[in-house]
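The values are calculated or read from the model by the stated rules, or taken from the named source; none is laboratory data. Predicted model, so just to flag it, every value in this text is computed and none were measured. Glycine also receives a Cβ, built like all others from the backbone with ideal geometry; neighbour counts cover every protein chain displayed.
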Amino acid sequence: MTHPKDNIPRFKSISTGLPCSTAQYVAELVCLRKRERDNVGSLEYKFWNKSHKEEYQIQVRVAHKLIKKFGEDALVHYITSPSGKNVFSLGFLHKSQKFVLSLRFVEHGVAKAAIVIQSENKREKKVLEVPDEVTYKPKKSFGNKTLLSKIKSIEGSGNG
């Protein structure tokens with residue numbers, strides 16, 4: 001019996017369109033927002049290997065840290081929610097260059113998103129049942145008042 005894989009990529013990269021992990025997707029989204037805010041232009045193809053390599057790696061590490069603490073769904077919910085639309089960085093590198101620190105307001109926002117997701121999962125979900133046979137009634141015609149019938153009547157009267 002096979003076990004479900006947890007590391008199956010659920011997202012597509014914004015710059016390449018290839019599958020990527022949740023942390024990579026969130027880090028790419030944050031880097032793109034920061035670039036747009038600075039009005040520098042859009043990110044180039046595979047920017048994480050070129051110009052923004054260090055910044056991108058730090059954001060991925062912070063995203064992994066937040067995912068480990070709160071979960072993937074909470075982080076994605078916060079980043080895409082209206083309260084997380086103005087997040088331009090998830091955290092920063094400590095001055096010892098050995099570990100990353102996440103920003104407090106980001107942690108609080110992700111914690112709130114985790115609570116929201118837990119409450120949504122606890123709610124009962126209603127399933128609407130579709131009737132077996134659906135009957136369709138044809139639309140009533142309005143006699144000679146449709147546009148097509150007016151054109152036909154004009155053409156018919158003009159020829160004869």
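Structure data summary
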quantity: Test: residue in segment 67-77 that is in a loop (DSSP other than H, G, I, E, B) and among the charged types (D, E, K, R); calculated: no
quantity: Residue satisfying all of: in segment 58-73; out of contact with any strand residue (DSSP E or B) (no Cβ under 8 Å at 6 or more places or on another chain) and either basic (K, R) or under 17 Å from L103 (Cβ atoms) (or both); surrounded by the fewest Cβ atoms within 10 Å (Cβ to Cβ) among these; calculated: K68
quantity: Lone unmet requirement of (1) loosely packed, with under 13 Cβ neighbours inside 10 Å; (2) modelled with pLDDT under 85 for S119; calculated: (2)
